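Working notes, beginning with the structure itself.
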Amino acid sequence: MRVTGSELRPLAELAYRQARRGGGSESVRLPLQRLAVDRVPAGCDGVLVTGDLQGVAPSPYGGPEVLLGVALADHLTVWAEQGLLPPPHRLAVVLAGDLYSAPTADVRGATGEVSEVWLAFAAAGCTLVTGVLGNHDVLPEDALAGLDPAPAPLDGDTIMFGGVRFAGVGHIIGDPARPGRRAESVQLGTLDAVLKTGPDLLILHEGPPGRAPGQRGNQAIGDRIARAAPRLTVCGHMHWPQPLSPLDTGHVLNVDSRAVLLQAS
């Protein structure tokens, strides 16, 4: 999946609440954007990639606020009816991690279970739900069992879908005694292993730096990816004001606090 567009085009926005620096919560908006690529998996009309959905929002179906990822999944059918997105059964979804928020949206860096987000995209009828866990995500081993097709979290794994190879490495580099972190040697070794499979789409939580100011990332990860040059790497963890950057012969797309529809140009 090679990026062919030079910029992301806005499609819609979703209002939500997130924890504010210094305490309390604040109202912000999740942008839904479109980016052109050369191809998407066979049987799909697009791939929706998103991450760092650390907030709460109302569902279009009413009721109390839910995790932002659940509200986003619930909006897919609404946006499809408005002609903004393909119908969910023609849509693959890629989750780049950190999908939890405190229910009150007033605790920064809260950690918790995110199975309901994965299940919400499956319940919406998306043809594929895959991705990785972030450093604030908890996903019990059997939480997604029993679904057909079942969502497919990746961590040192690859899957083939519609002629596209997806590979993923979750978590971040850090003290392995803390949740969601691994020693650098272990994380980079896992990344090396999946890069050898030649993925068309590489999914990370912690990604490489970009070329523009404000595109922060882990340089050790960037050095590893540059050697193998996947056509497209999706990541999050650190917000980029400009979400797209070239990397060797491919691109990095940072989806921290945004949702991006990849569609064939």
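Quick note: the coordinates plus some simple rules give every number you see, no bench work behind them. Being a predicted model, the structure only gives us computed values, none of them experimental. Positions of Cβ are backbone-derived with ideal geometry, glycine not excepted, and every protein chain shown enters the neighbour counts.
Points worth noting:
- Lys, Arg +1 and Asp, Glu -1 on Cβ, resulting dipole of segment 205-261 about Cα centre, debye, nearest 20: 80 debye
- Dipole-positive endmost among 208, 122, 44 within the chain (Cβ charges, Cα centre): 208
- When you count the other C-beta atoms within 10 angstrom of each residue and take the mean per peptide, 216-229, 96-109, 56-69 line up highest first as 96-109, 56-69, 216-229.
- Beta bridges per DSSP, both residues in the chain: antiparallel share near 45 percent.
- Potential lengthening of the chain between residue 141 and residue 212 amounts to 21.7 nm, from the contour at 0.36 nm per residue minus the alpha-carbon distance.
- Simple spin-label estimate for residue 13 and residue 90 gives 2.8 nm between the two label positions (7 Å along the Cα-to-Cβ direction from each Cα).
- Anisotropy class of segment 108-190 from Cα gyration tensor, a/c 1.5 cut: oblate
- Linear extension gain, residue 227 paired with residue 152, 0.36 nm per residue minus alpha-carbon span: 24.3 nm
- Stretch gain in nm, segment residue 2-residue 78, where the contour uses 0.36 nm per residue and the Cα spacing is subtracted: 24.5 nm
- Distance between the pseudo-spin-label points of residue 178 and residue 242 (7 Å out from Cα toward the beta carbon): 3.0 nm.
- The charge dipole of the chain, taken about the Cα centre with unit charges on the Cβ atoms of Lys, Arg (+1) and Asp, Glu (-1), comes to about 780 debye, rounded to the nearest 20.
- Prolate is the label for segment 2-110, because the ratio a/c of its alpha-carbon gyration tensor axes (a ≥ b ≥ c) is 1.5 or higher and a/b is greater than b/c.
- Between residue 219 and residue 113, the FRET efficiency estimated from the beta carbon spacing at R0 = 45 angstrom works out to 0.90.
- Farthest towards the positive end of the charge dipole of segment 9-264, among the residues 11, 174, 62, is the Cα of 11, using unit charges on the Cβ of Lys, Arg, Asp and Glu.
- Compactness relative to 2.2 N^0.38 Å, alpha carbon Rg of segment 110-246: 1.05
- Each Cα pair under 8 Å and six or more residues apart adds its separation to the average, and for the chain the resulting relative contact order is 22 percent.
- The chain shape via C-alpha gyration tensor axes, a/c threshold 1.5: rounded
- Neighbour net charge for residue 243 - beta-carbon separation under 14 angstrom, K R +1, D E -1: +2
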